[in-house]
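Heads up: the structure comes next, in structure tokens.
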Amino acid sequence: MTISIRTQTREELTPLERVVLALQYKKPDRVPAAPLVCGASCRVLGYSYDRWSQDPKVAVASLLAAQELIEFDGFLTLVDLSVEAEDFGQEVIFPERSTAAPNFDNPFIKTADDYSKVKAVDPRKSRRMSTVIEIVRGLVEARGDRVPTMGFVYGPLGVLSQIRGHAELFKDIIRHPDRVLEAVHTINNVLVEYAKAQIEAGAHAIVLDPLYSSASILKKSTWVKFEAEIFKSVADAIRDAGVPVIVHNCGGGVYFDAVLEHINPIAISHAYPAHGAANWEEHAANWAKKVVSIGVADPAKVGHEFSQAQVLEDCRQQIETFGIAEGGFILSSGCEFPPNGNLLSARTMVQAARLYGRY
């Protein structure tokens, strides 16, 4: 990605310029601040969550209004983790005031024999993936010259868990590995086209979510076999299109080494220290100079528990820990900002970057 950066000072850089510099380990005017305000944006204009998650015009208007209110430095087009699953045939429940999720009482794959039901779909024509593509397009058309828009793709093993159920999928990995792998390959081929379609819509970067690349869910070798080696083709397709790859994983103990080996992102959005790191200081010492970190505020604490003074102090500590003198840090929530969280706290995160993140 080649973007001309104007020579400016203090707050005169655009969010796009600020983020691009941070991703290159260069020093913008300040640390970018991009709390992952996705579904929570529906509340800015008073829309219900179920309408926000299914109507791209509503989602675009809400996200634009949220960015004006909070002044965060980037859009993430994460709608929910059932987007791809519904288009593969999974029934999804859309609560009025919360995140959509699969109806696990009625999984699309009910038995191991049903893996053969997983067939390729066209993300440009399917109901929900096409909605995300249009959200990307709308945000880029409205504000793409100033604010970066990051597309979002859930990993194939994650998608499969949404149409089988996590517990049954984990059993099938042991009992029916070939069937699982066949379905993962089919899903992954669709995800390649899904990522390309978001790039065609103007996405400045694509965020890949290999959620199971964390010690809290799967062994490293299992993740590598059942997702990493396959999902790599999506990352390669994105890079071949000239667009950066970013990884998001809010699981505990992310396998940073394996993620960098197989997916090779320029940044990782995360909520916890990497696998093997005892605390944030050890994590920063091991990884801060190898890959840009995006995070790492606890969404529940920032969104629901902390006072504004506590949000400021929490963010100050993160900025200090990740050593902003080196560059290469984007202040954010470690996962999606709570849909019903205090939006004032998201704005306070931006204020913290302005107070404590000056270069």
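Hey, can you tell me all the residues within segment 282-310 that are aliphatic (A, V, I, L, M), open to solvent by less than 20 Å² (accessible area, probe 1.4 Å) and farther than 18 Å from ILE246 by Cβ?
Once the filter is applied, which keeps residues that are aliphatic (A, V, I, L, M), open to solvent by less than 20 Å² (accessible area, probe 1.4 Å) and farther than 18 Å from ILE246 by Cβ, segment 282-310 yields ALA284, VAL302.
Please go through segment 17-30 and pick out each residue that is farther than 16 Å from LYS289 by Cβ and of a type in the set (A, V, I, L, M, F, W, C).
Selection gives VAL19, VAL20, LEU21.
Of the residues LYS119, LYS125, which is without any contact (Cβ under 8 Å) to a residue 60 or more places away in the chain and in a loop (DSSP other than H, G, I, E, B)?
Every option except LYS125 fails the conditions.
Counting only residues that are modelled with pLDDT under 95 and basic (Lys, Arg), which one in segment 1-50 is most open to solvent (accessible area, probe 1.4 Å)?
ARG10
Hey, any hits in segment 76-92 for a residue that's of a type in the set (Gly, Ala, Ser), surrounded by 21 or more Cβ atoms within 10 Å (Cβ to Cβ) and in contact with a Leu (Cβ under 9 Å, 6 or more places away or on another chain)?
yes
Among the residues of segment 302-312, is there at least one that is modelled with pLDDT of 95 or more and within 17 Å of the chain's Cα centre (by Cα)?
No, segment 302-312 has no match at all.
Within segment 334-359, which residues are hydrophobic (A, V, I, L, M, F, W, C) and under 21 Å from the mean Cα position of the chain (by Cα)?
Listed by number, the residues that qualify are CYS335, PHE337, LEU343, ALA346, MET349, VAL350, ALA353.
Being open to solvent by 20 Å² or more (accessible area, probe 1.4 Å) and assigned to a helix (DSSP H, G or I) is the filter here; which residues of segment 139-156 pass it?
Answer for segment 139-156, where residues must be open to solvent by 20 Å² or more (accessible area, probe 1.4 Å) and assigned to a helix (DSSP H, G or I): VAL140, GLU141, ALA142, ARG143.
LEU355 fails exactly one of the following numbered conditions: (1) assigned to a helix (DSSP H, G or I); (2) more than 19 Å from ALA40 (Cβ to Cβ); (3) aliphatic (A, V, I, L, M); (4) out of contact with any Leu (no Cβ under 9 Å at 6 or more places or on another chain). What is the number of that condition?
(4)
The values are calculated or read from the model by the stated rules, or taken from the named source; none is laboratory data. Bear in mind that the values here come from a model prediction, so they are computed numbers and not experimental data. Every residue, glycine among them, receives a Cβ derived from its backbone with ideal geometry; neighbour counts consider all protein chains shown. For accessibility, only protein heavy atoms count, side chains too; no ligands or nucleic acids. Shrake-Rupley method; radii C 1.70, N 1.55, O 1.52, S 1.80 Å.
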